[in-house]
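*Asks:* The following block contains the structure, expressed as structure tokens.
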Amino acid sequence: MGQTHLTPQETALPPSTPTQNEQNNNAVRSNILFAFGLMLALALAWRLRDVLTLVYVSGLFAVVLTPVVRSIMRFEMRGGRRISRAHAIALLFGFAFLTLAVFFTLGLPPVIRDLHQFAVDLPDRIPIIVSQLKRIPYADKLGVDADAIAQKAEGGLSATAEYLFASFPLWMGRIFDLLTGFVLCIYFMLEGDRAYQWFMSLFPVNDRLRLAVTLQKAEIRMSKWLFGQGLLMLILGVCSTIVFGVLHVRYFFLLGVLMGLMNIVPIAGGVITILLVGFVAALDSWTKMAAVFVFYLIYVNIENAYLTPRIMRQSVDLMGLTVLIALLAGTELAGLPGALVAVPTAALVAVLMNEYLVQKDT
């Protein structure tokens with residue numbers, strides 16, 4: 001019998017290709033591993049949520065303050081030398097600490113004095129408030145129980161004092177978090193460019209330019225909102241303190257500071273605070289209360305017609321509803337730090353959504 005000779009092409013085995021079942025099994029295993037890794041990452045993020053919040057807040061403040069540092073670095077000294085980044089950061093925080101020291105030295109003692117005086121006067125003021133409430137026409141028919149209101153006020157005051165005493169260790173922990181965030185913010189500002197370059201390297205080369213331009217828009221928007229809102233709060237606080245002092249409103253320094261701080265909440269913050277001021281002014285006379293309301297009405301019109309358009313401009317286009325929702329969500333998620341970064345985060349999300357999700361009409 002003759003032997004059959006095979007050619008090299010015939011003896012070579014065909015390359016092994018995975019079957020359809022093997023491909024499906026690989027896809028299932030990949031999906032399971034991805035889901036498991038995602039759940040593990042979410043569990044780890046939830047476990048480290050306080051640390052991640054602190055890192056995010058520090059990074060966001062570093063992003064907002066970096067343009068100020070760059071402006072300081074562009075300043076030329078004698079001989080054409082420029083200020084280094086480290087020295088610019090030191091100058092910025094030195095000025096911030098000096099401003100805070102002046103505020104705490106000059107502004108905090110009157111606030112503490114007013115708080116102490118309010119706590120001392122409140123027990124004696126409650127009977128006066130009760131008698132005034134009883135003089136309201138048809139108070140009984142409206143269901144106004146002045147004695148019950150007085151008891152609730154006294155109970156609320158004692159509960160507040162107990163809460164402040166019990167939460168002292170918590171406040172000490174917050175002070176430590178503040179110091180840690182300060183250190184993190186400095187490191188972000190020193191090494192922010194390297195971190196930014198590493199972050200951009202995670203995206204395809206063709207998409208980096210669009211993302212870089214979008215992030216730059218968001219940075220400008222966040223910085224201008226923080227600067228503008230801080231300036232509006234300062235203007236309202238100073239004007240309120242001066243007017244309340246001229247009108248001889250009780251605790252005028254405390255109420256003026258409160259007016260400025262609450263201005264961060266659009267509309268509702270100012271309305272709630274001015275009602276509180278009006279109530280305090282009404283303890284002395286109805287004329288004083290009317291003068292307080294007239295002042296606030298004039299200020300609101302000036303702010304809406306002149307201050308807000310010139311300070312915020314068109315680059316900070318956030319609706320009041322957006323600001324309010326962001327503040328509520330930020331406070332619920334992370335307390336005071338969440339409230340501080342809620343609106344800048346909303347501005348960042350708004351810019352990203354406008355660039356990548358919103359379908360613009362052609």
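*Asks:* If we keep just the residues of the range 210-255 that are within 26 Å of Thr322 (Cβ to Cβ) and β-branched (Val, Ile, Thr), which is least open to solvent (accessible area, probe 1.4 Å)?
*Replies:* Filtering the range 210-255 for residues that are within 26 Å of Thr322 (Cβ to Cβ) and β-branched (Val, Ile, Thr), the one least open to solvent (accessible area, probe 1.4 Å) comes out as Thr214.
*Asks:* Okay, next question. Taking only the range 274-311 into account, find how many residues are aliphatic (A, V, I, L, M) and within 24 Å of Leu231 (Cα to Cα).
*Replies:* Residues flagged as aliphatic (A, V, I, L, M) and within 24 Å of Leu231 (Cα to Cα) within the range 274-311 amount to 13.
*Asks:* If you check Leu178 against the conditions, is it open to solvent by 100 Å² or more (accessible area, probe 1.4 Å), at pLDDT below 85, part of a helix (DSSP H, G or I) and among the aliphatic types (A, V, I, L, M)?
*Replies:* For Leu178, the condition - open to solvent by 100 Å² or more (accessible area, probe 1.4 Å), at pLDDT below 85, part of a helix (DSSP H, G or I) and among the aliphatic types (A, V, I, L, M) - is met.
*Asks:* Being touching a helix residue (DSSP H, G or I) at 6+ places or on another chain (Cβ under 9 Å) and either modelled with pLDDT under 80 or over 30 Å from Val55 (Cα atoms) (or both): is that true of Thr362 here?
*Replies:* No, not satisfied.
*Asks:* Further question: Considering only residues that are open to solvent by 90 Å² or more (accessible area, probe 1.4 Å) and assigned to a helix (DSSP H, G or I), look in the range 187-209 and name the one that is nearest to Glu355 (Cα to Cα).
*Replies:* Leu209
*Asks:* May I pose another question? Which ones in the range 256-283 are of a type in the set (A, V, I, L, M) and either over 21 Å from Val246 (Cβ atoms) or open to solvent by 50 Å² or more (accessible area, probe 1.4 Å) (or both)?
*Replies:* Leu258, Leu261, Met262, Ile264, Val265, Ile267, Ala268, Val271, Ile272, Leu275, Leu276
*Asks:* Given the criteria surrounded by 15 or more Cβ atoms within 10 Å (Cβ to Cβ), free of Cβ contacts under 8 Å to residues at least 40 places away in the same chain and assigned to a helix (DSSP H, G or I), does Val68 qualify?
*Replies:* It is true that Val68 is surrounded by 15 or more Cβ atoms within 10 Å (Cβ to Cβ), free of Cβ contacts under 8 Å to residues at least 40 places away in the same chain and assigned to a helix (DSSP H, G or I).
*Asks:* Further, regarding this structure: Identify all residues within the range 318-335 that are buried (at least 16 other Cβ atoms within 10 Å of the Cβ) and polar (S, T, N, Q); write none if there are none.
*Replies:* Passing the criteria: only Thr322.
*Asks:* Something else about it: Look through the range 296-317, keep the residues that are at pLDDT 75 or above and among the hydrophobic types (A, V, I, L, M, F, W, C), and return whichever of them is most open to solvent (accessible area, probe 1.4 Å).
*Replies:* Per the stated criteria, the residue is Leu297.
*Asks:* Of the residues Phe244, Phe295, Phe253, only one is touching a residue at least 40 places away in the same chain (Cβ under 8 Å) and within 25 Å of the chain's Cα centre (by Cα); which? Even if it seems obvious, please write down each step before you answer.
*Replies:* On the way: Phe244 fails: within 25 Å of the chain's Cα centre (by Cα); Phe295 fails: within 25 Å of the chain's Cα centre (by Cα).
Just one listed residue meets the conditions, Phe253.
The values are calculated or read from the model by the stated rules, or taken from the named source; none is laboratory data. Since the structure is predicted, the reported quantities are computational estimates derived from the model, not experimental observations. Neighbour counts are summed over all protein chains in view; Cβ atoms, including those assigned to glycine, are modelled from backbone coordinates with ideal geometry. Remember, those area values only see protein heavy atoms, side chains included, never the ligands or the DNA or RNA. Shrake-Rupley method; radii C 1.70, N 1.55, O 1.52, S 1.80 Å.
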